[in-house]
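Enquirer: This is the structure I have questions about; it appears just below.
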Amino acid sequence: MPDVNIWALAGTGLIAGTLGSMLGVGGGLMMVPILTLWMGIPMQYAIGSSLVSIVINACTATSVYIDNHVTNLKLGLLLATTLIPGAVAGALLASKLSSPVLSLLFGALMIYVCYTLIPRKPNRLSPEEFEATRDPHEKEHAPHAWLDGSYYDPAIRQEVSYQAHRPVTGMATGFFAGVISSLLGVGGGIINVPVMNLLMKVPIKAAIATSSLLLAFTTMTGSLIYAYNGYVMPYIIAPLIPGIFLGARLGTAIARRVQSRALMVIFIVFLLATSVLMILRALNIF
Amino acid sequence: MMQTIDNPQAKLQSLNKRVSLALRIGIGIGLALVLAGIVISIVINAPHMSGLTPLISLIPDLLKLSPAAFVTAGLFIILLLPAVILIISFAHFIGTREKQPLIVCVVLVLMLAASYVLLLK
């Protein structure tokens, strides 16, 4: 095992913690390459450290988001019921499927998701036109009204109330997100946030906060198994933890104060960079 | 408007507060233990903690002020926090008799138990 600089580890934790909690993605995506390529830590130890870091980051971010009522706890618990079996299925499938082909397809899909997430100017419709274009699912909303949420947004200084649409589609996609996150080790956040925002019409801030809660559930199992198998080294993880904790507090504070539109743009840039990186890795260019 | 315990919004907010408090306490204790482990390793000049302490010898090693035991204890407290969220939510939904979230909690407990059994095999 190589010698590691504890300040470099703490700094890595701070950056991953800030970005991970601000965007609801965990931060493992940037942590694994830093630990392996820059610090020379073997892959399995890097993944073990990354998974543990995501749990810490997700729990810290959730403690802040849920205190501010931004996290939709009921929606998070519901989506976790399919994400967890998805993550287990992905872990079992990992040895049987070709990772580069999946990375390539997934990267291309994420670029398309980036395109659909780009904020556009709202169309000004007459009341008749608005009624005609209303989502038919809205009229069948009553059975899942228990998933509705509201939170105070300090950036616009008003209460935001919303309905969570298409819970069944969200759950089905959640299973897929769990499979992909285990297969490619990307963390479910980059799938959960667009699914909640685009398909379920959950505002971006609530989607990010709820994604943090989901990450805690999906990575808890994996990190305990890595720890059980001896792939979590105290001298690597100990300096990372304070950095992640501070980063997670910083990230949640930024996310609360930034306008939703700006947060969406940051998320799209992060998603695009991730997708390009995945395609390059699949093609053995990076 | 006065918020009573019958108000669903007030009930949800009280659940949110309880979950947040539990997470803050858990993270605080976990972080304190990890930091204590780092400080002890620096004081006794043993920067390379060889591995996590097995749970069976955790308490004796904590009493011996082993840095790895402190980090292990802190880590396990933090790693079990998602399960704490589930337990608090489950107890809350039993109290409020909300059928759908209660079913979701039960399914989630079964899922987590099944996934451990499957993956640890």
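Any read-out appearing in this document is the output of simple, stated calculations on the displayed coordinates, not a laboratory observation. No experiment lies behind these values; they were computed from the predicted model shown. FYI the Cβ positions are ideal-geometry reconstructions off the backbone, even for glycines, and counts take in every protein chain you see.
Enquirer: Picking from B:Val104, B:Val109, which residue would you name as being part of a helix (DSSP H, G or I) and buried (at least 17 other Cβ atoms within 10 Å of the Cβ)? Even if it seems obvious, please write down each step before you answer.
Expert: Working: B:Val109 fails: buried (at least 17 other Cβ atoms within 10 Å of the Cβ).
Of B:Val104, B:Val109, the one residue that is part of a helix (DSSP H, G or I) and buried (at least 17 other Cβ atoms within 10 Å of the Cβ) is B:Val104.
Enquirer: Of everything in the stretch A:215-270, what is small (Gly, Ala, Ser), within 14 Å of chain B (Cβ to nearest Cβ) and either under 17 Å from A:Ile34 (Cβ atoms) or in a helix (DSSP H, G or I) (or both)? Give them in sequence order.
Expert: Taking the stretch A:215-270 as the starting set, the residues that turn out to be small (Gly, Ala, Ser) are A:216, A:222-223, A:227, A:230, A:238, A:243, A:247-248, A:251, A:253, A:255, A:260, A:262.
Applying the additional criterion that residues be within 14 Å of chain B (Cβ to nearest Cβ) yields A:216, A:222-223, A:227, A:230, A:238, A:243, A:247-248.
Answer for the stretch A:215-270, where residues must be small (Gly, Ala, Ser), within 14 Å of chain B (Cβ to nearest Cβ) and either under 17 Å from A:Ile34 (Cβ atoms) or in a helix (DSSP H, G or I) (or both): A:Ala216, A:Gly222, A:Ser223, A:Ala227, A:Ala238, A:Gly243, A:Gly247, A:Ala248.
Enquirer: Here's another thing I want to ask about it. From the list B:Val39, B:Val34, exactly one residue is within 24 Å of A:Ile54 (Cα to Cα) and more than 7 Å from chain A (Cβ to nearest Cβ). Which is it?
Expert: Details: B:Val34 fails: more than 7 Å from chain A (Cβ to nearest Cβ).
Of B:Val39, B:Val34, the one residue that is within 24 Å of A:Ile54 (Cα to Cα) and more than 7 Å from chain A (Cβ to nearest Cβ) is B:Val39.
Enquirer: Now, a different point. Could we say that B:Ala73 is part of a helix (DSSP H, G or I), surrounded by 13 or more Cβ atoms within 10 Å (Cβ to Cβ) and more than 7 Å from chain A (Cβ to nearest Cβ) here?
Expert: Values: part of a helix (DSSP H, G or I): yes; surrounded by 13 or more Cβ atoms within 10 Å (Cβ to Cβ): yes; more than 7 Å from chain A (Cβ to nearest Cβ): yes.
Here the answer is yes, as B:Ala73 does meet what is asked.
Enquirer: From the list B:Ile59, B:Ile94, B:Ile87, B:Ile103, which one is among the β-branched types (Val, Ile, Thr), more than 9 Å from chain A (Cβ to nearest Cβ) and touching a Leu at 6+ places or on another chain (Cβ under 9 Å)? If you could, list the steps in order and put the result at the bottom.
Expert: On the way: B:Ile59 fails: touching a Leu at 6+ places or on another chain (Cβ under 9 Å); B:Ile87 fails: touching a Leu at 6+ places or on another chain (Cβ under 9 Å); B:Ile103 fails: touching a Leu at 6+ places or on another chain (Cβ under 9 Å).
After ruling out the rest, the residue left standing is B:Ile94.
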